[in-house]
Structure formats: C-alpha cells, structure tokens
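Enquirer: Quick one: this structure, given as structure tokens, is what I'll be asking you about.
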Amino acid sequence: MTSSKTINAADAGTWILGDLPVNRIGFGAMRLTQNGAALRADAASSDRERAIGVLRRAIELGVNHIDTAAFYFSPLRSANELINRALGPYPDDLVIVTKVGPGRDPSGEWIDHATPEQLRGQVEENLRQLGRDHLDVVNLRIVGTDSIAERFGALARLREAGLIRHLGLSNITPEHLTEAQAIAPVVCVQNQYGIGARPEQDAFLRRCGEEGIAFVPFYAIAGAGREGGTVAGTESEQVQAVARAHGVTPAQIRIAWTLHRGPHVLAIPGTGNPDHLADNVAAGALKLSADELDLLAS
C-alpha cells in the first residue's frame, strides 16, 4: 500500500560502501527471472518486458544499489543480462553488487563450491553479462564453515588487478569475517536476518556496525520461506498489528524494522511486481516508535 507522497529510496538514508554512496533501500534481482519460487530449475521464466520495466522503475524511484549474481537465471532469463539491457549505459551513481562462490550448471543444478581458479571465471562471467570493465562489489558467498582464506585471497588478487573495486561476504560466520579481514578490507556482510533473529545474529549485526561494515539482510521479508517467498498464514500478530496501525503491509513493516537496526543496515528486497517495488521503496520512509520496535522484538 503506497501513499500519495512522492516515493524515493533516498528517504531511507544513505551509507557508503567502501567509497560508493548508496541509498539504504536497494533492489534484489533474484526474483526477476522467474515466476513463483526463485532459483528453481522447474519454475516458469518471467515476462522479459515486465522485468525490464521493474528495473527501470526502481531507478526512477531512487534505487542506486542492485544486488545480483550470475547464478540468478531461469531457462529463458538472466538477471545480469536483464540489468544490462534495462539500465545500460548505467547511471553514474548506480552500484551493482554481485556474488560468486556457488554456481549453477546450464540445467540449473547447483555447484556449491567454486575453486579459487573457478572464481576468476565467475567474476569474468559477471563482467561479460553486465557489460562492465570492473565490478563495484563482489561478495564471496559461503556454503559451510570451512576456511575461506584461499578463496577470499583469490578475489583479493582480482581486486588488486582492478577487476573488482570492493569485496564483501555472504552467508558467513563471525570467524569468516575475521579470517577475511586479515587478507583484504570487507565493505559488506550479507546474512539471513529479520524479525525474530537469534541473539548471536543481533550481535554479529552490531559488530559490523562497530567496524563500519554494511550489514545487508537477505530473506528479511520471506523469513523461513527463503527463495519461495513469504508463506501465507504465518505472519505474526505483532507484525500485523503494527502494519494496521500504519496502514501498510506486513512486508513493509519487516523492511522498516531491519532498517531501524542501525544506520549500516541496508535492505535489498526483491520483486518482479512493480506495485510491490513501490511498496518496498516506500517502506524506507516508515518511522517505527520505540513501543512498536519493542512489540516486534517480542
């Protein structure tokens, strides 16, 4: 539910990713390529013109931070190539953040761990698909708890070579962050986070803020639904009550709540629906009271 007020992502405030200013409400590209559950090999491909329209509308609404990956694709669509088609030549202030580490073969089946040598190929594929000569931010996405030094070191060398401007991490433990920081600067951490987060997740979010690292929650709206999206009938009464009080949707309250967790917290809600896009951006301007925040924390 959007208001008549002009909606702009800048209303959420800004953060500096390394040396790149971004509005704290961004856009996640995962849901652009498919209808229904994202990243499933059997999901139907999205409508191309609608997806392109959503991307262009996001820029009109002030979004200047897009999260993507080469493994965001369906049989007929690639998120990176949709971004390239919709937004190239890119606005000067647009920051595109991508991920490497896992991959998918042409059939859509997952390959969890890229070797250090394969990571360069993944970076080059992102460059090709996006039509860029360098990548603004590359997150190393982790599956498991093994050491990341060799893989992060490979990305650090690509950063030194000028293919990558800044490095981040995704789906990690605090120990992974410490390990990576001994190799190269880390500008952002992407981890699952939202209302109902465990105390150790809250502590990690606070640590990132203390160290000047952006914390970028994923599945902040979907929660346990993950790639499949929100699960009907599972929304808590607390979230519904706050949403009713503001005349907005529960999803908007979830976005606003994450942004209230600290000035270093960025939101990257994803959608292929232009109405949902406007709602997501509008959520950046929502102000929650201390009592509402306490209610949601309960």
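Computed from the coordinates by the stated procedures, all read-outs in this text should not be read as laboratory data. Predicted, not measured: the structure shown is a model, and the values here were computed from it. FYI the Cβ positions are ideal-geometry reconstructions off the backbone, even for glycines, and counts take in every protein chain you see.
Enquirer: Tell me the angle of helix 116-130 to the major Cα principal axis of the chain, expressed in degrees between 0 and 90 and rounded to the nearest ten.
Expert: 60
Enquirer: Give me the extension gain from GLU125 to ASP47: residue separation times 0.36 nm, minus the current Cα-Cα distance, reported in nm with one decimal.
Expert: Numbers: separation 78, 0.36 × 78 = 28.08 nm, distance 2.34 nm.
Length gained between GLU125 and ASP47: 25.7 nm.
Enquirer: With an 8 Å cut-off on Cα pairs and a minimum separation of 6 or more residues, tell me the relative contact order of the chain in percent.
Expert: Numbers: 577 pairs, mean separation 60.4, N = 298.
Computed value for the chain: 20 percent relative contact order.
Enquirer: Using a basic spin-label model with each label point 7 Å from the Cα along Cα→Cβ, how many nm lie between THR6 and THR115?
Expert: Once both label points are built, they end up 5.5 nm from each other.
Enquirer: Please report, in whole Å³, the volume per residue of the convex hull around the C-alpha atoms of the stretch 130-250. Please report the intermediate quantities before stating the final value.
Expert: Values: hull volume 17.8 nm³, N = 121.
It comes to 147 Å³ per residue, whole-number rounded.
Enquirer: Which Cα, out of ALA58, TRP110, ILE7, lies furthest along the positive dipole direction of the stretch 1-132 (beta carbon charges, K/R +1, D/E -1)?
Expert: ILE7
Enquirer: Compute, for the stretch 16-297, the length of the dipole vector about the Cα centre, with Cβ point charges of +1 (Lys, Arg) and -1 (Asp, Glu) only. Units Debye, rounded to 20.
Expert: Working: 27 positive and 34 negative charges, 85 e Å.
So the dipole magnitude of the stretch 16-297 works out to roughly 420 debye.
Enquirer: Do the sum for the chain: with -39,500 (n - 2.57) for every DSSP H run of n ≥ 4, divided by all residues, what is the mean residue ellipticity at 222 nm, to the nearest 500 deg cm²/dmol? List each step's numbers first, then the result.
Expert: Details: 10 runs with 106 residues, N = 298.
When only DSSP H runs of four or more count, the value is -10500 deg cm²/dmol.
Enquirer: Which of the GluC sites (Glu not before Pro) found in the stretch 74-158 are in a DSSP loop and have at most 15 neighbouring Cβ atoms, other than their own, within 10 Å? Don't jump to the answer; show the numbers that get you there.
Expert: Working: sites: GLU81, GLU109, GLU117, GLU124, GLU125, GLU150; in loops: GLU109.
Sites meeting the loop and neighbour criteria: GLU109.
Enquirer: Can you compute the FRET efficiency between GLU210 and ASP146 using 1/(1 + (r/R0)^6), with r the Cβ-Cβ distance and R0 = 22 Å? Round to the nearest 0.05.
Expert: Details: r = 26 Å, r/R0 = 1.19.
The value I calculate is 0.25.
Enquirer: When only alpha-carbon atoms count, how far does the stretch 16-297 stretch along each of its three principal axes, as whole angstroms with the largest first?
Expert: 52, 42, 35 Å, listed from the longest principal axis down.
Enquirer: If you count the DSSP beta bridges with both ends in the chain, what percent of them are antiparallel, to the nearest 5? List each step's numbers first, then the result.
Expert: Values: 8 of 34 bridges.
Percentage antiparallel, nearest 5: 25.
Enquirer: Determine ³J(HN,Hα), in whole Hz, for all residues of the stretch 141-157 in sequence, where each value follows from phi through the Karplus function 6.51 cos²θ - 1.76 cosθ + 1.60 and θ = phi - 60°; x replaces Gly and Pro.
Expert: 8, 10, 10, x, 10, 5, 4, 10, 4, 5, 6, 5, x, 5, 5, 4, 5
Enquirer: Given Cα pairs under 8 Å that are at least 6 residues apart, what percent is the relative contact order of the stretch 110-247?
Expert: Averaging sequence separation for qualifying contacts and normalising by length gives 17 percent for the stretch 110-247.
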